[in-house]
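The values are calculated or read from the model by the stated rules, or taken from the named source; none is laboratory data. This is a predicted model, so every value here is computed, not measured. FYI the Cβ positions are ideal-geometry reconstructions off the backbone, even for glycines, and counts take in every protein chain you see. In case anyone asks, the SASA skips ligands and DNA or RNA and just uses the protein heavy atoms, side chains included. Shrake-Rupley method; radii C 1.70, N 1.55, O 1.52, S 1.80 Å.
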Amino acid sequence: MFKKLRSQSEVHISLLLGLFFIILGVFILFNTERIRGAADGSPVDESEIDTIWDLVNAFFLEVTNMLSILIGDFPIIAGILLILFGVFMFKVGKTVRDTTKYDGMLSFFFLGLALFLFIITTILMMQVYGWWAILFFIAFMVHLLYNIYHEYLNPKHRKEHYMIIMFFYGVAYFFTQNAVYSNIEDALSPTDVLSINMFFAVVLVLALMALWVGVFLSKSKNLLKKPKTKSEEDLSRSSKRGISKLNPNQYLGFSEKMYQFRNRLLTRTKDFLEIGIPGWLKVNYLELLLGLLVLVFIGVEFNNRQGVFTEGYFRLSQMSYLYEWINLFLTLVLALLYLYFTVMNLWKNIYYNRQMIVIIALWLKLTVSLFVTVFHDVELSLFILPFNIALVILTTPLVLFSIFKEFNGGTANDGNKKAKT
């Protein structure tokens with residue numbers, strides 16, 4: 001069943017997007033008066049959140065506040081248009097399933113839809129992050145360009161490409177989180193941040209799905225395929241006619257310089273320290289050891305916060321505890337994923353790119369948490385200070401291991417990707 005779903009992912013994503021737009025349209029139609037009346041924002045009173053239903057209502061109240069910014073005094077028109085667009089997406093899904101005749105046109109449609117959804121996401125994020133939300137838009141544009149010009153880039157430097165994308169997302173995450181914690185007790189509340197983040201996370205995932213479908217359909221029609229190298233005779237005729245086509249690799253191929261710099265730095269460090277790595281010592285062993293220690297520290301802190309819920313001290317009105325618990329749970333999931341990918345590295349020699357992405361994401365989360373704890377006087381810190389410092393110390397070498405491990409692959413299956421130091 002899973003293979004069948006995976007083989008028609010583009011169809012299911014089209015249907016999922018249609019369902020989202022229909023549900024959103026219906027929600028708007030049922031809340032037209034509230035959306036019109038929320039132009040100035042209707043703050044949530046956290047002291048009145050006593051039941052799960054109150055919590056759900058608080059979430060939808062925040063959603064209506066956001067939607068009022070986008071659609072203003074025209075909720076009925078917006079709701080009807082969204083429902084019609086959702087029905088159109090069902091038609092698109094049927095077309096994608098039945099024929100490949102329109103794949104070329106639909107590929108550009110999905111790429112445009114992905115860009116539109118992320119623009120909307122950026123507007124929503126600005127309510128929480130301010131103008132720093134534009135950094136996420138820039139990161140997404142880098143991600144979009146990478147997917148479009150993927151075929152033009154040297155597959156030997158695929159790891160460096162991922163590092164560049166993660167760098168932009170990391171910068172965006174740091175500055176936006178700093179903005180949140182600067183205002184979380186003044187202009188924002190944990191309920192605001194939780195509700196808005198949940199909504200824009202859904203829209204972000206849908207945007208990335210649309211991007212994936214657009215790239216997939218374009219490849220099926222070879223629209224983004226790297227053209228074959230022309231002969232010298234053809235190039236000579238083209239140059240005489242003044243024809244000079246854009247070669248994206250001229251602008252996006254600087255990852256090779258990163259690759260060379262990384263290798264030179266590693267070699268010079270080994271020469272300076274006059275050390276060599278024994279053949280029996282695999283980096284994965286150190287990664288497993290440090291990864292287990294990271295999991296233990298995160299597990300202890302998560303268990304402490306979990307005790308607030310299980311021992312009956314928690315009330316839904318204490319949204320700060322729920323905010324911390326959700327963030328700790330996400331951190332715990334990242335730690336478990338890192339260990340899983342590390343085991344697969346050691347056992348089957350696969351998933352090196354996923355391991356690097358996960359450990360960089362985990363390191364960013366822990367480092368930003370430490371920064372917030374030290375420089376912001378807020379109570380919403382994920383870890384006690386000694387734990388946070390220890391976790392940053394433990395994850396930093398893990399990030400360096402992932403960066404400096406050789407990564408040969410990109411065009412072959414993961415099973416053919418080798419790593420060494």
Subject >> Residue identified as within 19 Å of Val180 (Cβ to Cβ), among the aliphatic types (A, V, I, L, M) and not in a loop (DSSP other than H, G, I, E, B) among Leu144, Leu115, Leu135 >> reply: Leu135
Original post:
Any residue at all in segment 124-131 that is part of a helix (DSSP H, G or I), surrounded by fewer than 18 Cβ atoms within 10 Å (Cβ to Cβ) and of a type in the set (S, T, N, Q)?
Top reply: yes
Original post:
Restricting segment 96-118 to residues that are of a type in the set (Val, Ile, Thr) and open to solvent by less than 70 Å² (accessible area, probe 1.4 Å), which is modelled with the highest pLDDT?
Top reply: Val96
Subject >> Residues (at pLDDT 80 or above and of a type in the set (D, E, K, R)) located in segment 377-396 >> reply: none
Subject >> Filtered residues of segment 363-376 (kept if open to solvent by less than 20 Å² (accessible area, probe 1.4 Å) and either polar (S, T, N, Q) or at pLDDT 95 or above (or both)) >> reply: Ser369
Subject >> Residue match in segment 156-163 (condition: part of a helix (DSSP H, G or I) and under 14 Å from the mean Cα position of the chain (by Cα)) >> reply: yes
**OP:** Could you tell me which residue of segment 1-42 is modelled with the lowest pLDDT, considering only residues that are touching a Gly at 6+ places or on another chain (Cβ under 6 Å) and open to solvent by less than 40 Å² (accessible area, probe 1.4 Å)?
**Re:** Ile28
